[in-house]
Amino acid sequence: AKIDATVGGTHSAWEGYISGEFVELDPGAKIVQTWRTAEFPKGQFSRVEIRFAAVDGGTEITIKHDGIPDGQPDYEQGWQEHYFEPMAAYFR
């Protein structure tokens, strides 16, 4: 992944398959970014909002991903397989 963690900065992952821009950064609380895959129609982006909340024994992470163009696959499985499962294994 490549990240310029500033508002207006860009991010990309999986050799450019995913890309977008940071819209809002509230350290320790929230990240909002535009997000697209190489399969999205040209010029179209979705929106990802990631919130962090302290809970007993750790941090709760909530992700809201909306604005995905019609005809795209279900990205929920991708979030699970490529992000949440590796993070859970790493932090065990």
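Observations on the structure shown:
- Residue, most open to solvent (accessible area, probe 1.4 Å), within the range 15-28, restricted to residues that are free of Cβ contacts under 8 Å to residues at least 24 places away in the same chain and not in a strand (DSSP E or B): 15
- Among (1) at pLDDT below 95; (2) surrounded by 15 or more Cβ atoms within 10 Å (Cβ to Cβ), the one test that residue 43 misses: (2)
- Restricting attention to the range 1-14, the residues that are touching a residue at least 12 places away in the same chain (Cβ under 8 Å), assigned to a strand (DSSP E or B) and either aromatic (Phe, Trp, Tyr) or open to solvent by 70 Å² or more (accessible area, probe 1.4 Å) (or both) add up to 1.
- Close pairs from the range 63-92: first under 12 Å from residue 39 (Cβ atoms) and open to solvent by 60 Å² or more (accessible area, probe 1.4 Å), partner assigned to a helix (DSSP H, G or I) and of a type in the set (D, E, K, R), Cβ under 7 Å, at least 6 apart: none
- Selection from the range 46-62 of residues that are in contact with an Asp or Glu (Cβ under 7 Å, 6 or more places away or on another chain) and surrounded by 13 or more Cβ atoms within 10 Å (Cβ to Cβ): 46, 47
- Top-ranked residue of the range 29-68 - restricted to ones that are polar (S, T, N, Q) and in a strand (DSSP E or B), ranked as farthest from the chain's Cα centre (by Cα): 59
The values are calculated or read from the model by the stated rules, or taken from the named source; none is laboratory data. Keep in mind it's a predicted model, so treat the numbers as computed, not measured. Here Cβ is always computed from backbone atoms with ideal geometry, including for glycine, and neighbour counts include all displayed protein chains. What goes into the accessible areas is simple: the full protein's heavy atoms, side chains included, and nothing from ligands, DNA or RNA. Shrake-Rupley method; radii C 1.70, N 1.55, O 1.52, S 1.80 Å.
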